[in-house]
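Worksheet for the structure shown next.
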Amino acid sequence: MATEKDIVSPPDMEDGQETRVVSKHNTADADANADIDSTVATSSGQEETAQIDIEAQTQPQPPTSALAMSRTISQKPYTAFSNRAKWFIVIMTSMASFFSPLSGQIYFPVLPILSDNYHLSSSLINISITTYMIFQGITPSFMGTFSDASGRRPGYILAFAIYTGANIGLALQNSYAALLVLRCLQSAGSSGTIAFGYGVIADVATTAERGKFFGPMAAGVLTAPALGPTIGGLLTQYLGWRAVFWFLTIISGGFLTIYIICMPETHRKIVDDGSIVPHQRWRQSLVQYLAARRRLKKMSATDREEYRRAQLELAERQQGSKLRFPNPLGSFVILTHPDAFCLILYTGVTMFSNLVAMTTTPTVYPKLYGMDELQVGLCFLPLGVAATIGALVNGRLLDWNYGRIARQLGLKIDRKRGDDLLQFPIERARLQCVFFSQALQVAVFLPYGWALEKHASLAVPLVLQFIMGFCLVVSSNSVSTLLSDIYPSKVSTASAASNLVRCLLGAVGAAVVDNMLTSLGVGWSFVLVGLLLAAATGFLWVEMTWGMGWRQKRWLKERGEREEKQAEQAEREDKGQQQQRQHQAEQAKQAEKEEREKEQQQQRQAEQAEREEKGQQEQQQQ
């Protein structure tokens, strides 16, 4: 049984390792979470912890028994959140990630009206799209590192406050300059939510079950672009263009309110496995705060006193989790790692291809099939439906393949406490499913343009779009899950780096598609895109071949740096203790000296008093 002083040091945490202070009153904190109805977790009530042998884990020897994968980060469960609470967190995260792509696509039906209102050319009004995508790529580099450093709740609240304010401004603005500025703010507020989402899911889900939780979030991200044009077309046609931004204001403001009231902090450096209520009240959700107060009132005086002591110990750890100014360099540093670079560049190419296909739809379909704006918006639905189906199917497939490879290697996985992935081929587990979908995606892109150019039946390109959406979500979800696996302590930062490359290449795709269609024609344009996708498969092969070695080398280097910092910290503490003991010894000597001087002074005073008394006696005798 661990004592209150026991700590556990996970192998995959960054510098300033996650320190778990274990107390029997952690269960009280977890019970506070349990009272948050369907919104916050119920604690597992676990009191057992054990200290892991880190040095044994750092030996890069292949596992030889089923015990290898059972050597986990901690003996207690990876998360104290119940399954119902985890699904609530995933649903809230998926809804938050829905806003960024929705805001980008719901805007398209408004463009012709704004162009007429402000008397602008198409090229000038399209600048509002370009600036939106630029900020969509750059902002997560700031917001993702902010979330990793300061917590998930502050990041989400700040992002949605900016986003909601920008939507109000967009609904009220009457100038082109205000439109550009507010679109940039809208993008800055919404784009960080995707990077946050991957971090939140990694906080509450082990590697073995992460796929099924990433699936719904990926579905939200890829379904929004399909629903956005339809929603925007309906609102614009029946209520006017300002209704689009009022609609975004209402749903984002409502979501922010629910988030503040119900959503708990999940960052493992702040709440550990979720059993610890954050010491700072502003980090707690309203429901969590009220539940914690009720739980505290039910405690006995002894339990309450021990609870207070445990809270004070936790407060010392949480003092290092203050709000920090975001550092965007973390995302660029991740791009210098070869394994991350291969994965992120592959996702960038897939996003480029997807943006070319989606940008072509509102341009080509009205000319070929005589559609209005609403009908064109409905043509995006097959892509969205396929993305939803693909995300749910692929999530389960990722978890199944993870378990299959573990069984092939004779390894035992732990879905409750998590596994040490140092010697596990996680790259193979995540990417094996991608190669088939990648081949199918290439096979669909090659004839897609020719189907349009030859005026094929509308069902043909829509079916091809459905297959595109399915394959896109399988590949992007698998790669995003792998990124969270290989950067367990910097999930949001890694997602921000991926988002940066995706959005920049997507902006390139949106910018060049018109010239490409004009110079090459629709058929050959998509042949070119298909060949580019085929070439990007090489990045996956490189990652499958050398990715595990690169990851092991980086993890061992980071672990060595952490141990070195811990040794330096211990040395500083030893020196501090020695200086303190020396200072105490000097104080003791000084006190002893002062005591002697005091005794001497008292003795002199006594002698003086005795002489004065004798003098008085002599005077009396005379």
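Miscellaneous remarks
- Of all residue pairs spaced 6 or more apart or on separate chains, those with beta-carbon atoms under 6 Å, a first member in region 497-523 that is over 24 Å from LEU343 (Cβ atoms) and a second member that is acidic (Asp, Glu) are VAL522/GLU453; GLY523/GLU453.
- From PHE445, PHE435, PHE466, residue being modelled with pLDDT of 90 or more and surrounded by fewer than 16 Cβ atoms within 10 Å (Cβ to Cβ): PHE435
- Single condition LYS212 does not satisfy, out of (1) surrounded by fewer than 24 Cβ atoms within 10 Å (Cβ to Cβ); (2) more than 26 Å from THR388 (Cα to Cα): (2)
- Among residues of region 236-260, those that are free of Cβ contacts under 8 Å to residues at least 40 places away in the same chain and crowded, with 21+ Cβ neighbours inside 10 Å, counted: 0
- From the list GLY509, GLY538, GLY530, the one residue that fits, being surrounded by fewer than 17 Cβ atoms within 10 Å (Cβ to Cβ) and over 23 Å from the mean Cα position of the chain (by Cα), is GLY538.
- Positions within region 398-425 being of a type in the set (A, V, I, L, M, F, W, C), surrounded by fewer than 21 Cβ atoms within 10 Å (Cβ to Cβ) and either in a helix (DSSP H, G or I) or without any contact (Cβ under 8 Å) to a residue 40 or more places away in the chain (or both), in sequence order: TRP400, ILE405
- Near pairs, Cβ below 6 angstrom, 6+ apart or cross-chain, from region 544-557 (assigned to a helix (DSSP H, G or I)) to any residue that is among the acidic types (Asp, Glu): MET544/GLU427; GLY547/ASP339; GLY547/GLU427; MET548/GLU427; TRP550/ASP339; ARG551/ASP339
- Residue in region 153-173 that is touching a residue at least 24 places away in the same chain (Cβ under 8 Å) and not in a helix (DSSP H, G or I) present: no
- Some residue of region 372-381 being at pLDDT below 85, surrounded by 17 or more Cβ atoms within 10 Å (Cβ to Cβ) and among the β-branched types (Val, Ile, Thr): yes
- In this structure, PHE81 does not satisfy being surrounded by 20 or more Cβ atoms within 10 Å (Cβ to Cβ), touching a Gly at 6+ places or on another chain (Cβ under 7 Å), hydrophobic (A, V, I, L, M, F, W, C) and under 23 Å from MET358 (Cβ atoms).
- Candidates THR131, THR206, filtered to the one that is more than 21 Å from GLY384 (Cα to Cα), under 17 Å from the mean Cα position of the chain (by Cα), surrounded by fewer than 24 Cβ atoms within 10 Å (Cβ to Cβ) and not aromatic (Phe, Trp, Tyr): THR206
- Restricting region 440-461 to residues that are of a type in the set (A, V, I, L, M) and not in a helix (DSSP H, G or I) leaves a set whose member that is farthest from the chain's Cα centre (by Cα) is ALA456.
- Qualifying residue in region 216-231 (condition: at negative phi, among the β-branched types (Val, Ile, Thr) and surrounded by fewer than 23 Cβ atoms within 10 Å (Cβ to Cβ)): yes
The values are calculated or read from the model by the stated rules, or taken from the named source; none is laboratory data. These numbers were taken from a predicted model, which means no experiment stands behind them. A quick note on method: Cβ atoms are made from the backbone with ideal geometry, for glycine too, and the neighbour counts reach across all protein chains shown.
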